[in-house]
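Undergrad: Got a structure for you, questions after.
The values are calculated or read from the model by the stated rules, or taken from the named source; none is laboratory data. In this text, all values refer to a predicted model and were calculated from it rather than measured experimentally. So basically every Cβ, Gly included, is an ideal-geometry build from the backbone, and we count neighbours across all protein chains shown. Quick note on the areas: whole protein, heavy atoms, side chains included, nothing else; ligands and nucleic acids left out. Shrake-Rupley method; radii C 1.70, N 1.55, O 1.52, S 1.80 Å.
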Amino acid sequence: MKAIVTVVGKDKVGIVAAVSGKLAELGLNIDDISQTVLSDYFTMMTLVSSKENKDFTVLRSELEKFGEGFGVKINIQSSAIFDAMYNI
């Protein structure tokens, strides 16, 4: 299972650490990560994977709830969506 996780929010200390910890807690491995700060806003895109199939509804809910508590917007999408877009 592979997925793309995006994080956007007002920049503050500890976003990468907090999100990385939550991803590990959910059993997701970070395969690649890119982050930047754009005019006081933090943005991150991460490719994650798991040897197990994960329920995206549960992952999305957990990450959204975590993001709200930390003050960022977190989204997760299956990488299959992006693969299909480029194979049309």
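Undergrad: Quick check on the range 63-79: of everything there that is open to solvent by less than 60 Å² (accessible area, probe 1.4 Å) and not in a strand (DSSP E or B), which residue is farthest from Thr43 (Cα to Cα)?
TA: Within the range 63-79, the match that is farthest from Thr43 (Cα to Cα) is Ser79.
Undergrad: Considering only the range 25-45, I want to know if a residue exists there that is within 19 Å of Lys65 (Cβ to Cβ) and in a helix (DSSP H, G or I).
TA: yes
Undergrad: Quick one: would you say Glu68 is within 13 Å of the chain's Cα centre (by Cα), among the acidic types (Asp, Glu) and farther than 11 Å from Val7 by Cβ?
TA: Judged against the criteria, Glu68 is not a match.
Undergrad: If you don't mind, there's one more thing I want to ask. If we scan the range 2-23, do we find a residue that is at pLDDT below 95 and open to solvent by 70 Å² or more (accessible area, probe 1.4 Å)?
TA: Checked the range 2-23: at least one residue is at pLDDT below 95 and open to solvent by 70 Å² or more (accessible area, probe 1.4 Å).
Undergrad: Answer yes or no: is there a residue in the range 40-59 that is more than 15 Å from Ala3 (Cα to Cα), of a type in the set (Ser, Thr, Tyr) and open to solvent by less than 60 Å² (accessible area, probe 1.4 Å).
TA: yes
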